[in-house]
Every structure is written in structure tokens, then in C-alpha cells.
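Let me begin by presenting the structure, written as C-alpha cells, before commenting on it.
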Amino acid sequence: MNNTAASPMSTATSSSGRSTGKSVSFAAELQSMMFSLGDARRPLHETALLVEDVVHTQLINLLQQAAEVSQLRGARVISAEDLLFLMRKDKKKLRRLLKYMFFRDYKSKIVKGIDEDDLLEDKLSGSNNANKRQKIAQDFLNSIDQTGELLAMFEDDEIDEVKQERMERAERQTRIMDSAQYAEFCESRQLSFSKKASKFRDWLDCSSMEIKPNVVAMEILAYLAYETVAQLVDLALLVRQDMVTKAGDPFSHAISATFIQYHNSAESTAACGVEAHSDAIQPCHIREAVRRYGHKIGPLSPFTSAYRRNGMAFLAC
């Protein structure tokens, strides 16, 4: 895709350049989300602000690409098809998104009061009358799938190792909680961007876009925003683990030296030094995670995305 082509987005291009979105912040919600994903009970506000900036920048770039795809096919809105097209190369994350769309349909049926037997019957018969999101995804992937790989994902019951690891981490996290902490943890786990749809649209400054995302596209964007937060926490925890000097490990000094060299500024020293004894994820852990992810080096390289934009790999897709 030609990056120099005229963008269908008028003003919303980055977190540093957003106007309306500047006054909207998810920092407080992000602190709760980060706690539920494995961070300390009181995540650092500075870390949450950095995570918010990374997530916002990535979603704005994703929206820009989706708007370009939508414009190329002559559509008036950004739809689920545009986002599915952008995610088609990463099978694992596409499979995860398809499962999310399935469960959104399932939840809609439950809310509407359809019996469990009817749900099972619909699934067995292949009925798509109530499977709005699934039908959109299946029809679109069928139109672009030349090998059958994409459509096979609808029948794939492979265990998601990333999700499994997150669940196991959450289980370990809750072992030492008292009832009050556990209640707070459960409440934090229910937070999502989709539950604050209006604020989420303002945060992305959708009103300034020439081609705006429709309702289903906004659901997917909210899902991807949360997945980006989750992956940032996943990777930051691995970075923090890497930075702990291990007795008898001949490589621990070299790993630490790389980390220190990258974070030798006064700002980074303050971020990593003042809070050195805190269990919370530090801003420097997030920066290092993003650096490794984008450069395909170190122990995080297997997680690197299949494509990138403006030199920064997409975390969620």
C-alpha cells in the first residue's frame, strides 16, 4: 500500500496530534485493566499514561490503514471487512478475533433470550440468521481465501497458548488475595473499552474522520485496544523478569547491560531507579518491550507481528 497517498483521515493521525482526544483519557481504566492482567494492585500512573499513548498511536495508525482500504473498495464507512483484511496475515491473532466475534454473537443471543438448545441447533445447522458478526467474517474471508486456510479457522479448536498463560497467571495472582482484593480484581477484569463506547469514539477522535468506523468495526477496535494492553503487559512482565539478575547465569550481566544502554537518559534513570523496589511495571519496561517487539530481537522476537507501519510493529494485529 502506498504510504504517501492522501489519507482519508483528516486530523486524527497520532496521539501527539489529536485534538478532541487529547482531553479524553483512559488512564484510570488502564490501571485497573493492567492490574487484572498481571500488574501490581496499584499500577503506576506514569506507566498507564505510556500504555495509553502506545495503544492510542497504534489504533490511530490501524484506523488510517483501514480507512485507506475502505476508500480503495469505494465504501463509505470503515467496516469489519477492512480490519479483517489488515489482520489476514497473522493467523493466530485472526483466529483470536474470530472467536471474539463468535462470542459477541453468542452473548447477543443470550441477551435476547434465545434458549441454549436453539443456540446449539443454530450452530449445528450452520444457520447465520442470528450470527451477524460471524456471517460478516465468513463471507468476507470466503471472498479472499484462495487456499482454504482462513475459512479453516472457523472449525479450529486449537488451544490459545497466550490466553492460557494469562489465565494461569491470573490464577496464581489470586492465590494470595483476600476477599476485598479479589472483589477488586474481579471488577477490574470486567473493564473494557467497549463498555465505554462513546468515550472510546471520542478518544479516537472519530468525529474528525472523513470515513468513520461503523458499529461492528468499533467493537473490533475496542477488542484490539484491550488486546494491545494485554500484550504490552505480557511483554513488560517478560522484560521485568529478564532484568532480574540470576545467580549463576553468565548472560544476566549482558542482558542488563543492553537494557541500561538503551535507558541511560535522566528520564529513564528516574523511571527505573526511583521505583526500582516497586512490584509495579515501570515505564522503562514498556519502552523496552516495544523496542524489542519492533526490532525482532531478544526473547520476545517470536511475538513480532507480520507487518508494521511507520517503523512500529502492531501489537494486537
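Every read-out reported here was derived from the displayed coordinates using simple, explicitly stated rules and does not represent laboratory data. Just so we're clear, the structure is a prediction, and the values are computed from it rather than from any experiment. FYI the Cβ positions are ideal-geometry reconstructions off the backbone, even for glycines, and counts take in every protein chain you see.
Here are the numbers for the structure shown:
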{"read-out": "Extension gain, LEU49 back to ILE110 (0.36 nm per residue minus Cα-Cα distance, nm)", "value": "18.4 nm"}
{"read-out": "Spin-label model distance (nm) - ARG189 vs GLU171, 7 Å beyond Cα toward Cβ", "value": "1.2 nm"}
{"read-out": "Over 19 Å between alpha carbons, listed pairs LYS112/LYS132; LYS91/LYS163; LYS99/LYS212; LYS109/LYS132; LYS93/LYS163; LYS99/LYS135", "value": "LYS99/LYS212"}
{"read-out": "Burial order of peptide ranges 61-74, 198-211 (average beta-carbon count within 10 Å, highest first)", "value": "61-74, 198-211"}
